[in-house]
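**Student:** I am attaching a structure below and will ask some questions about it afterwards.
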Amino acid sequence: MYNSISSRRNFIKKMAQLSAMTAAAAMFPGIIFASEQEEGIPNSANLDWKKGPCRFCGVGCGILVGTENGKAVAVKGDPNCSVNKGLLCVKGYHQTMCIQSKDRLTHALVKKNGRYVKTPLNEALDIVADKMKSTIEAHGKDAVAMYTSGQSTIPEGYVASKLMKGAIGTNNLECNARLCMASAVAGFLTTFGADEPMGCYEDIDHADYFITWGNNMAEMHPVLFSRMLEQKTNRGAKIIDFATRTSRSSTASDKSILFEPQTDLAVANAICYEIINNGWVNKSFVEKHCNFSKGLTNMGYGTEDKYSFKDKPEKIDFEAFKTFLNDYTPEKVAKYSKVSAKDIKYLASIYGDPNKKVVSYWCMGVNQHTRGTWMNNLIYNMHLLTGKISQPGNGPFSLTGQPSACGTAREVGTFTHKLPKGVVMNEKHRRLAAKIWKVPYERIPSKPTYHTTEMFRAVDRGDIKFIWTQVTNPLVSLPKTSRYRPAMEKDSCFVVVSDVFPTPTSDVADVILPASWHIEKGGLYGNSERRTQHWDKMVEGPGETTPDAWMTIEVAKRMGYGDLFPYSEENHVEEIYNEYRQFHEGAKHGMAPLEVLKKESGVIWPYVDGKSTQWRFNAKYDPACKEGSDFDFYGKPDGKAVIWQRPYEPAAEAPDAEYPFWLNTGRVIEHWHTGSMTRRIPVLHKAMPEAYIEFHPDDAKALGIRDNENVKVSSRRGSCVLPASINKRGLPTRGQVFVPFFDENMMINDVTLDAFCPISKEPDFKKCAVKVEKA
Amino acid sequence: MPIKSYLAHPKKGEKQALINALSELNGCEVIPATNQDVVVLVTETLDDASDVILKEKIEHINSLKLLALVSGFNTPQN
Ligand code: SF4
């Protein structure tokens with residue numbers, strides 16, 4: 001490969017340099033090396049810069065991709081994008097390097113006699129359509145399913161929904177955002193009646209305090225964290241990290257407070273107790289804008305097949321809520337949360353101080369929780385009681401993990417119960433969808449079918465006989481893959497996997513479809529702050545790679561639904577977006593026209609009269625608020641948000657004598673989710689080549705485990721062997737181990753539990769009981 | 001020929017002084033971070049002895065707070 005020693009030396013120098021830059025990225029969130037970025041860019045007049053969003057996380061940084069002779073040769077941060085103002089994290093900077101991976105899926109592969117045979121795409125799509133049709137004929141429409149992604153583009157999600165719900169007439173559509181954002185959605189809907197954050201990233205420039213709830217932003221939302229650090233340095237803003245593990249975020253924060261897994265519920269209630277007891281309630285705000293409710297308790301954990309639950313909300317009054325909180329005095333909660341009463345009071349005093357602006361941030365720690373909806377409600381309680389909401393620098397802000405968990409999964413609605421506007425259970429919403437889709441209203445079923453965990457259980461039971469996954473790798477990312485991998489291998493289900501690279505999921509496919517990567521197609525994403533971002537196709541993909549949206553349309557046509565999908569191959573992104581926009585017309589969710597999105601580096605919705613709405617529900621900024629109101633939570637019929645009475649309940653599975661450790665799982669800055677892209681980017685792979693199991697040094701010592709020594713971690717469901725990591729990236733509390741899930745060779749999700757929040761149906765990847773032993 | 005990369009952390013307010021001092025040394029390539037107080041340093045020397053000497057020189061720079069080795073390679077001479 002290297003034809004001379006000196007070119008090999010230059011290569012090694014480059015690797016040395018990139019290693020140091022990647023190491024710096026792990027230590028300094030949002031670090032940028034602008035001079036290197038400029039230097040690495042070929043000095044060519046032919047370089048064509050095209051804008052788009054980053055492929056990876058929900059921060060939604062704007063990127064500029066430099067192309068020359070049809071190839072992507074450079075990536076830099078878009079200085080015109082208000083999200084990142086030119087900054088990128090280490091993943092963003094290196095993102096296009098995965099396209100050149102040698103094992104790229106360039107052609108369709110069809111399994112014949114146990115071997116994958118390269119097949120023309122048209123033939124493969126014929127097979128997919130035939131199989132889908134014949135399965136419906138033989139077993140009914142609920143025997144086929146699609147499982148998509150918070151990384152699908154808006155047009156991809158939209159045509160999947162239209163095919164499944166509008167054309168076929170089944171609600172068997174789910175997406176991997178169920179694994180990350182469902183509790184956030186359920187939290188928003190139960191408290192405000194409207195999904196997605198009320199504030200925006202500009203809150204960072206105004207807040208005095210950032211309180212992060214179970215959220216390692218330094219690694220997961222690095223560019224936002226770097227913006228927070230900038231405010232810390234420049235204005236003295238404070239960051240308080242409230243978590244179960246000491247991470248990069250904890251060490252960069254002003255204060256780190258650790259809690260026992262699951263007791264965040266109790267601590268949040270204790271904060272509310274303090275707010276009320278100290279007279280810090282913003283009485284006029286609460287009286288004018290809030291109701292109080294309670295729901296059912298002891299809901300269970302959904303670990304059994306066909307589990308179902310429906311909450312029964314009941315109105316209560318402020319006095320009842322106050323009495324309920326008597327069980328949550330800081331002193332009582334300190335006993336089991338391992339957070340001192342002093343620290344609880346300190347947190348409460350920040351929320352309670354009328355002169356301090358507070359933003360709460362959270363992501364997976366709160367959402368991937370068997371009481372995730374409750375935890376979202378409880379964070380809203382603190383902001384509602386104090387009236388610190390919907391104002392610059394004051395508000396609860398639920399962050400998303402994936403780049404279009406908001407834009408596609410939540411707004412287009414690629415969940416079983418959702419439609420592009422509203423839910424299938426609502427007749428008005430079904431009628432609107434039927435009208436725009438031009439299908440008979442009766443065709444859209446009014447009952448949701450399977451949420452994600454139940455969908456894969458249905459595959460295992462043999463109830464689902466055809467499944468098509470797009471832009472996702474469930475056999476690495478689902479909880480309890482020890483059950484769902486054998487399920488997907490069964491002959492009873494025909495599996496179609498559409499992806500860019502081979503994965504453990506494509507390994508079990510009957511047909512593999514070669515998908516276009518991010519910049520090889522046009523599309524739209526929607527980030528955490530309601531920002532819709534458009535990009536044009538920048539380069540040609542290799543072989544027969546094709547956008548997922550177009551493959552869905554081709555299958556729909558082959559199934560006889562061509563009249564519902566009258567889009568052209570060249571302009572389908574534009575045509576689909578224009579059709580989709582009709583769903584959200586109006587001041588509450590109006591989306592910017594495509595011409596605007598093409599010019600701007602993303603636009604926040606509601607987009608009203610040519611302007612973005614940065615703070616919803618506050619009449620000063622939001623034209624959808626009732627005239628004469630100051631705040632209007634218009635998602636609820638009476639315009640009032642709900643303060644929920646939600647108790648502490650234990651986790652689905654806690655450590656015991658046989659399985660004495662908590663297992664927590666998550667991500668690392670170098671890798672995106674299951675690593676199928678970032679592990680093919682040499683510098684990222686080299687920086688973090690394999691997963692590991694983190695120990696508290698005392699636990700490691702007690703077990704006689706040394707750093708790097710192989711350790712077997714087992715639960716009641718499965719086991720996994722990984723090298724020990726002691727005093728390196730993160731530090732779990734005693735009695736807890738942490739494992740990142742990016743490594744398909746070390747399948748930690750064989751060990752995790754598929755318990756979920758009964759309201760949101762989002763699994764808890766952060767808590768189950770395990771034992772560890774030397775391998 | 002040893003090639004090594006480091007993260008060089010300057011003393012408070014002395015990032016530019018550190019960049020200048022490192023840039024003056026033969027065998028040092030400096031890539032400063034734009035928005036953080038840290039500098040990526042890549043060193044390339046003829047042999048292990050010169051590597052040790054260069055490292056000593058670097059460690060004597062006044063504006064340097066901490067030098068952390070990230071990677072080290074040894075390539076054949078051409
Ligand atoms: S991965 Fe996230 S933080 Fe990093 S550049 Fe991409 S969008 Fe920004």
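**Student:** How high is the relative contact order of region A:661-774, in percent, with contacts defined as C-alpha pairs under 8 Å that are six or more residues apart?
**Tutor:** Reported as a whole number, the value is 38 percent.
**Student:** Computed over the Cα atoms, what is the radius of gyration of region A:661-774 divided by 2.2 N^0.38 Å, N being its residue count?
**Tutor:** Against the compact-globule rule of thumb, the ratio is 1.05.
**Student:** A follow-up question, please. Tell me the label-point distance for the pair A:N571, A:R706, using the 7 Å Cα-to-Cβ offset, in nm and rounded to one decimal.
**Tutor:** My value for the distance between the label points is 6.8 nm.
**Student:** Another question, if that's okay. On average over all directions, what projected area in square nanometres does region A:64-134 have, based on the convex hull of its Cα atoms?
**Tutor:** 8.4 nm²
**Student:** Right, here's the next one. What is the magnitude of the charge dipole of the protein assembly as shown about its Cα centre, with +1 placed on the Cβ of each Lys and Arg, -1 on the Cβ of each Asp and Glu, and no other charges, expressed in debye to the nearest 20?
**Tutor:** That gives the protein assembly as shown a dipole magnitude of about 920 debye.
**Student:** Can you give me the three principal axis dimensions of region A:81-206 from its C-alpha atoms, in Å, biggest first?
**Tutor:** So the three principal-axis extents are 61, 42, 22 Å.
**Student:** Rounded to the nearest 0.05, what FRET efficiency do A:D563 and A:Q100 have when you use their Cβ-Cβ distance and R0 = 51 Å?
**Tutor:** Given R0 = 51 Å and the Cβ-Cβ separation, E is 0.80.
**Student:** Report the convex hull volume per residue for chain A, counting only C-alpha atoms, in Å³.
**Tutor:** Roughly 157 Å³ of hull volume per residue.
**Student:** Restricting to Cα pairs below 8 Å that are 6+ residues apart, what does the relative contact order work out to for chain A? Please round to a whole percent.
**Tutor:** In percent, rounded to a whole number, it is 20.
**Student:** Using amide H atoms built in the peptide plane, which far-off residues or other-chain residues are under 5 Å from B:K65 H to H?
**Tutor:** B:H9, B:K11
**Student:** Something else about it: Can you name the helices of chain A, as whole DSSP H runs, whose Cα span along the helix axis is 20 Å or more and whose Kyte-Doolittle mean is not below -1.0?
**Tutor:** Span-like helices here: A:5-27, A:121-139, A:372-386.
**Student:** Using only the Cα atoms of region A:528-607, what do you get for the radius of gyration and for Dmax, in Å?
**Tutor:** So, for region A:528-607, Rg and Dmax equal 14.8, 44 Å respectively.
**Student:** Counting Lys +1, Arg +1, Asp -1, Glu -1, what net charge surrounds A:G639 among other residues with beta carbon under 10 Å of its beta carbon?
**Tutor:** Spelling it out: positives minus negatives among the neighbours equals +2.
**Student:** While we're looking at this one, here's another question. Please work out the FRET efficiency for the pair B:N35 and A:N727, using the Cβ-Cβ distance as r and a Förster radius of 22 Å; give the result to the nearest 0.05.
**Tutor:** E between B:N35 and A:N727, to the nearest 0.05, is 0.20.
**Student:** Using the reciprocal of the averaged 1/r over all distinct C-alpha pairs, how large is the Kirkwood radius of region A:491-567 in Å?
**Tutor:** Value: 14.4 Å, from the Cα pair sum.
**Student:** For region A:632-706, what's the relative contact order in percent, using C-alpha pairs closer than 8 Å and at least 6 residues apart?
**Tutor:** Once normalised by length, the contact order is 12 percent.
**Student:** Looking at region A:337-391, I'd like the Rg to Rh ratio, where Rg is from alpha-carbon atoms and Rh is Kirkwood's inverse mean 1/r.
**Tutor:** Using Cα coordinates only, the ratio equals 0.99.
**Student:** Also, I was wondering about something else. Taking H placed 1.01 Å from N in the peptide plane, check which residues at least 5 places from A:A145 or on another chain put their amide H under 5 Å from its amide H.
**Tutor:** A:F466, A:I467, A:W468
**Student:** Give me the extension gain from A:M425 to A:W280: residue separation times 0.36 nm, minus the current Cα-Cα distance, reported in nm with one decimal.
**Tutor:** Computed gain between A:M425 and A:W280 is 48.2 nm.
**Student:** Pick out, from A:N326, A:P354, A:T297, the residue whose Cα sits farthest towards the positive end of the charge dipole of region A:267-366, with +1 on the Cβ of Lys and Arg and -1 on the Cβ of Asp and Glu.
**Tutor:** With unit charges placed on the Cβ atoms, the residue in question is A:P354.
**Student:** Taking the dipole about the Cα centre of the protein assembly as shown, with the C-beta of Lys and Arg at +1 and of Asp and Glu at -1, give me whichever of A:Q582, A:F756, A:A129 is farthest to the positive side.
**Tutor:** Farthest towards the positive pole: A:F756.
**Student:** In addition: Nothing charged except the Cβ atoms of Lys and Arg (+1) and of Asp and Glu (-1): what's the magnitude of the dipole of region B:2-74 about its Cα centre? Round to the nearest 20 debye.
**Tutor:** 360 debye
**Student:** Further, regarding this structure: Rg and Dmax of region A:563-676, Cα atoms, in Å?
**Tutor:** 22.5, 62
**Student:** I want to make sure I understand the PRE zone here: with the label point 7 angstrom from the Cα of A:D126 toward its beta carbon, which residues in region A:558-589 have backbone N atoms less than 19 Å away?
**Tutor:** Those under the cut-off are A:558-562.
**Student:** Given the alpha-carbon gyration tensor of region B:2-74, what are the semi-axes of its equivalent ellipsoid in whole angstrom, ordered largest first, with each equal to the square root of 5 times an eigenvalue?
**Tutor:** Computed over region B:2-74, the values are 20, 12, 10 Å.
**Student:** If you take every residue apart from A:I136 with its C-beta less than 12 Å away from the C-beta of A:I136, what net charge results, scoring Lys and Arg +1 and Asp and Glu -1?
**Tutor:** Once all neighbours under 12 Å are counted, the net charge is +1.
**Student:** Now a separate question. Taking a point 7 angstrom from the Cα of A:E658 along the C-beta vector, which residues in region A:476-502 have backbone N less than 20 Å away?
**Tutor:** Zone members listed by number: A:480-483.
**Student:** Amide H of A:S725 versus every other amide H placed in the peptide plane: which residues, excluding those fewer than 5 positions away on the same chain, fall under 5 Å?
**Tutor:** A:I693, A:E694, A:F695, A:N708
**Student:** Mean residue ellipticity at 222 nm from the helices of the protein assembly as shown, using -39,500 (n - 2.57) per DSSP H segment of n ≥ 4 over the full residue count, to the nearest 500 deg cm²/dmol?
**Tutor:** Roughly -8500 deg cm²/dmol at 222 nm, from the helical runs in the protein assembly as shown.
**Student:** Now, a different point. Using Cα atoms only, what is the angle between the long axis of helix B:48-59 and the major principal axis of chain B, expressed in degrees (0 to 90) to the nearest 10?
**Tutor:** 10 degrees
All of the numbers you see were taken from the coordinates with simple rules; none came from a lab. Being a predicted model, the structure only gives us computed values, none of them experimental. All Cβ positions, glycine included, derive from the backbone under ideal geometry; neighbour counts span all protein chains shown.
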